[in-house]
1. Within the bounds of the range 95-109, is there any residue that is out of contact with any strand residue (DSSP E or B) (no Cβ under 6 Å at 6 or more places or on another chain) and closer than 24 Å to His15 by Cα?
2. Which residues, taken from the range 1-23, are assigned to a helix (DSSP H, G or I) and either of a type in the set (Ser, Thr, Tyr) or in contact (Cβ under 8 Å) with a residue 12 or more places away in the chain (or both)?
3. With respect to Arg107, is the statement that it is among the charged types (D, E, K, R), touching a Phe, Trp or Tyr at 6+ places or on another chain (Cβ under 6 Å) and either surrounded by 12 or more Cβ atoms within 10 Å (Cβ to Cβ) or under 25 Å from Ala141 (Cα atoms) (or both) true?
4. For the range 25-50, enumerate the residues that are β-branched (Val, Ile, Thr) and within 19 Å of Ile132 (Cα to Cα).
5. So how many residues does the range 24-56 have that are of a type outside the set (A, V, I, L, M, F, W, C), over 15 Å from Glu136 (Cα atoms) and either touching a helix residue (DSSP H, G or I) at 6+ places or on another chain (Cβ under 9 Å) or in a helix (DSSP H, G or I) (or both)?
6. With Ile53, Ile66 as the choices, which residue is surrounded by 15 or more Cβ atoms within 10 Å (Cβ to Cβ), closer than 20 Å to Arg10 by Cβ and touching a His at 6+ places or on another chain (Cβ under 8 Å)?
7. Go over the candidates Leu125, Leu137 one by one and state the one that is buried (at least 17 other Cβ atoms within 10 Å of the Cβ) and under 21 Å from His26 (Cα atoms).
8. Residue check: is Ser24 out of contact with any strand residue (DSSP E or B) (no Cβ under 6 Å at 6 or more places or on another chain), surrounded by 16 or more Cβ atoms within 10 Å (Cβ to Cβ) and of a type in the set (Ser, Thr, Tyr)?
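Each reported figure results from applying straightforward, stated rules to the coordinates on display, with no laboratory input. These numbers come from a predicted model, not from an experiment. Every residue, glycine as well, gets a Cβ built from its backbone with ideal geometry; the counts of neighbours run over all protein chains shown.
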Amino acid sequence: MIVSSPDNFRKTREHGFTIQGLKSRHRRRVETMRVGDRMLYYVTGRMAFAATITVASPMYEDHTPIWRSARRDEDYPWRVHIRPDIVLEDADWVPAKELAYRLDYVRKWPPEHWTLAFQGHIHALPRTDFSILEDELARSARRRRSLAG
């Protein structure tokens, strides 16, 4: 799971969900990513899940400015090419508070502090949690299509 600010998520969207950069301190975690790995986006501020993607390349280093951080020297240098799987419109994002109680990952924290599970930049989720979340994103996308059609 990638925890992203709304602005950084927008930047990834503007790039067509073809590239994702990760913070410099997460090099080892990014090195473990493999082509075909799946990721989920949690957007801070909105406290909602917005998209799933598939990793499409090994990690590489690039310092071209795209994403922003409070740290001025952070340029998200560890990057992977990605391809979108489910990308929701902003209005259809799935609120985390509606699902947090169902996730094994979140149970590491006291229930009243469930939001702590979504702090930091990148997290490894259990497959069952990813499936629960992706199913909810797919349901939200279908709801949008049925309303439009």
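1. No, because not a single residue in the range 95-109 is out of contact with any strand residue (DSSP E or B) (no Cβ under 6 Å at 6 or more places or on another chain) and closer than 24 Å to His15 by Cα.
2. Let us first name the residues in the range 1-23 that are assigned to a helix (DSSP H, G or I), namely 6-14.
Within the range 1-23, Pro6, Asp7, Asn8, Phe9, Lys11, Thr12, Arg13 qualify.
3. On the way: among the charged types (D, E, K, R): yes; touching a Phe, Trp or Tyr at 6+ places or on another chain (Cβ under 6 Å): no; either surrounded by 12 or more Cβ atoms within 10 Å (Cβ to Cβ) or under 25 Å from Ala141 (Cα atoms) (or both): yes.
No, not satisfied.
4. Pass one, the range 25-50, residues β-branched (Val, Ile, Thr): 30, 32, 35, 43-44.
Across the range 25-50, the qualifying residue is only Val43.
5. Number of matching residues: 11.
6. Values: Ile53 fails: touching a His at 6+ places or on another chain (Cβ under 8 Å).
Every option except Ile66 fails the conditions.
7. Details: Leu137 fails: under 21 Å from His26 (Cα atoms).
Of Leu125, Leu137, the one residue that is buried (at least 17 other Cβ atoms within 10 Å of the Cβ) and under 21 Å from His26 (Cα atoms) is Leu125.
8. Criteria met by Ser24.
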